[in-house]
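The values are calculated or read from the model by the stated rules, or taken from the named source; none is laboratory data. Everything numeric in this text was worked out from a predicted model, so none of it was measured. Methodologically, a virtual Cβ is constructed for each residue, glycine included, from the backbone with ideal geometry; neighbour enumeration extends over all protein chains shown. These area figures cover heavy atoms from the full protein model, side chains too; ligands, DNA and RNA do not enter into them. Shrake-Rupley method; radii C 1.70, N 1.55, O 1.52, S 1.80 Å.
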Amino acid sequence: MTLKKINSRSPSSNSIESMHKFAELYTKRTNTFFCFDPSISAIVINGLAHYKEKYGVPLCPCRNYYHEEAEIDLNYWICPCIAMRERKECHCKLFLTSEDEYSSSNQKIDINIIYENL
């Protein structure tokens, strides 16, 4: 799976730390796990931080949007997205069930890995 960086402007440390905390709490609450490759999780968390900073909500960074503001109004792709909330299907591979082939056994991710993948 290849993830693209959203743009060259990095999100603030406050946004990154907020999304880091959210991701770790959400894995525990839903009994899901991060990807076995922590750089995948880090890039997704950075993307969420970017959108949280830009729009005030963590829009899914793994999708291409024709009109981001319209997608926010629909509320489908705001993390955790509807697919994740209803079926535990995270298309970004951020929140994985233990049965997923990309799943690790980790519900924590070192924040330094997130910063290394800006």
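For this structure, a couple of remarks:
- Boolean, residue 88 is open to solvent by 30 Å² or more (accessible area, probe 1.4 Å) and within 13 Å of residue 22 (Cβ to Cβ): no
- Filtered residues of segment 107-118 (kept if in a loop (DSSP other than H, G, I, E, B), under 14 Å from residue 21 (Cα atoms) and open to solvent by less than 50 Å² (accessible area, probe 1.4 Å)): 107, 109
- Some residue of segment 38-52 being of a type outside the set (Ser, Thr, Tyr), farther than 22 Å from residue 113 by Cβ and under 15 Å from the mean Cα position of the chain (by Cα): no
- Residue match in segment 94-106 (condition: over 15 Å from the mean Cα position of the chain (by Cα), in a helix (DSSP H, G or I) and without any contact (Cβ under 8 Å) to a residue 24 or more places away in the chain): no
- Residues in segment 22-37 that are among the charged types (D, E, K, R), over 11 Å from the mean Cα position of the chain (by Cα) and in a helix (DSSP H, G or I): 2 in all.
- Failed item, numbered, when residue 83 is tested on (1) over 21 Å from residue 17 (Cα atoms); (2) open to solvent by 40 Å² or more (accessible area, probe 1.4 Å): (2)
- Of all residues in segment 45-75, those satisfying the criterion of being part of a helix (DSSP H, G or I) and buried (at least 20 other Cβ atoms within 10 Å of the Cβ) are 45, 46, 47, 48, 49, 50, 51, 52.
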